[in-house]
Amino acid sequence: MMDRCLLTLFSSILVAGLCVGQEADRLQYEGYRLVWEEDFASETPDSTLWSVIPAQPYDWARHMTSERPDLMEISGGTLKLRADCDRTTCTYVTAGLWGKGKQEITLGRIDVRARFDSGQGFWPAIWMLGYASDVSWPRNGEIDIMEHLNQDSIVYQTVHNGLTEREDYAGPDRGSAIGIDSSCFNVYSVVIEEHQILLLVNDRLCHTYPRVVVGEEQFPYPFYLILSAQMGGSWVGQPVPPEHPLTLEIDYIRHYLPLPTTDSHLSVPSEEAILTLEGDR
């Protein structure tokens with residue numbers, strides 16, 4: 001979510017299909033157990049897992065506010081995080097949740113079923129930051145489970161660490177761009193294993209990254225989740241005031257832990273692979 005590499009740095013763009021079926025909506029995976037789930041059945045997010053993101057001097061949180069309750073709503077079993085233009089002050093206002101201080105995710109699988117609007121300057125994201133009180137970005141580690149820009153027909157899945165952000169970085173590909181239909185619900189996932197990180201859309205593997213590169217662990221710190229609906233920034237560009245609020249809508253978030261005997265590795269798609277990603281409305 002900080003400075004971003006250009007699309008040409010991604011290994012491949014995987015092609016999306018139509019929104020049909022619900023094959024990716026699963027409650028169980030072989031070798032894993034569900035340890036917690038946020039299904040937004042209450043009027044407010046689970047306070048043991050989430051806090052409202054305060055405004056911060058970073059692109060992804062510059063316009064966050066808790067003064068506009070209409071920007072965050074739970075209804076119909078989904079969380080809506082909205083971004084809008086406050087025309088009385090000529091400023092943008094956005095909403096987000098994070099698990100900082102409440103979540104410590106070291107291993108396992110995270111599934112997030114979500115869809116989002118498109119608009120110039122709108123930057124919805126589902127991602128994770130590593131936490132250590134004495135370590136700053138990028139050495140704390142970052143996993144971008146889903147990022148979307150403007151009216152693009154692709155989403156980005158990327159990892160960042162102290163190695164990938166070096167100017168002379170020549171290691172494993174740090175991410176991929178995946179074609180999707182953003183009007184559909186899709187399931188965006190990360191699997192954090194002992195030796196690698198896997199990124200998936202609708203249970204289809206899109207990217208893998210090793211945890212140990214040049215003999216050094218690149219993700220040594222526990223992660224927490226961030227759900228952000230941001231407007232504007234150096235990567236997404238200058239926003240245009242939307243006619244109506246733009247929304248990141250989340251149906252559920254599930255965290256699975258591996259069973260003690262699991263060894264569930266997934267194969268990596270080749271650069272020539274064409275992947276059909278199916279969502280549902």
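Just checking, how many residues over region 158-172 are closer than 17 Å to residue 220 by Cβ and among the acidic types (Asp, Glu)?
1
Please go through region 40-52 and pick out each residue that is touching a residue at least 40 places away in the same chain (Cβ under 8 Å) and within 20 Å of residue 223 (Cα to Cα).
45, 48, 49, 50, 51, 52
Could you say which residue among 114, 83, 125 is in contact with an Asp or Glu (Cβ under 7 Å, 6 or more places away or on another chain) and closer than 23 Å to residue 56 by Cα?
Within the list 114, 83, 125, the selection yields 125.
Please count how many residues of region 40-73 are surrounded by 14 or more Cβ atoms within 10 Å (Cβ to Cβ), of a type in the set (Asp, Glu) and more than 17 Å from the chain's Cα centre (by Cα).
2
Of all residues in region 120-172, how many are charged (D, E, K, R), touching a strand residue (DSSP E or B) at 6+ places or on another chain (Cβ under 6 Å) and surrounded by fewer than 23 Cβ atoms within 10 Å (Cβ to Cβ)?
Total satisfying the criteria: 1.
If a residue must be outside any strand (DSSP E or B) and either surrounded by 23 or more Cβ atoms within 10 Å (Cβ to Cβ) or free of Cβ contacts under 8 Å to residues at least 12 places away in the same chain (or both), how many such residues does region 195-218 contain?
The number of residues fulfilling the criteria is 3.
Residue pairs, Cβ under 8 Å, 6 or more apart or interchain, first in region 133-153 and of a type in the set (S, T, N, Q), second part of a strand (DSSP E or B). List them.
140/129; 140/130; 150/122; 150/237; 153/179
Would you check which residues across region 74-105 are part of a strand (DSSP E or B) and surrounded by fewer than 18 Cβ atoms within 10 Å (Cβ to Cβ) and list them?
74, 75, 86, 91
The numbers here are math on the coordinates, done by the rules we state, and not lab data. Please read all numbers here as calculations on a predicted model, not as lab measurements. Here Cβ is always computed from backbone atoms with ideal geometry, including for glycine, and neighbour counts include all displayed protein chains.
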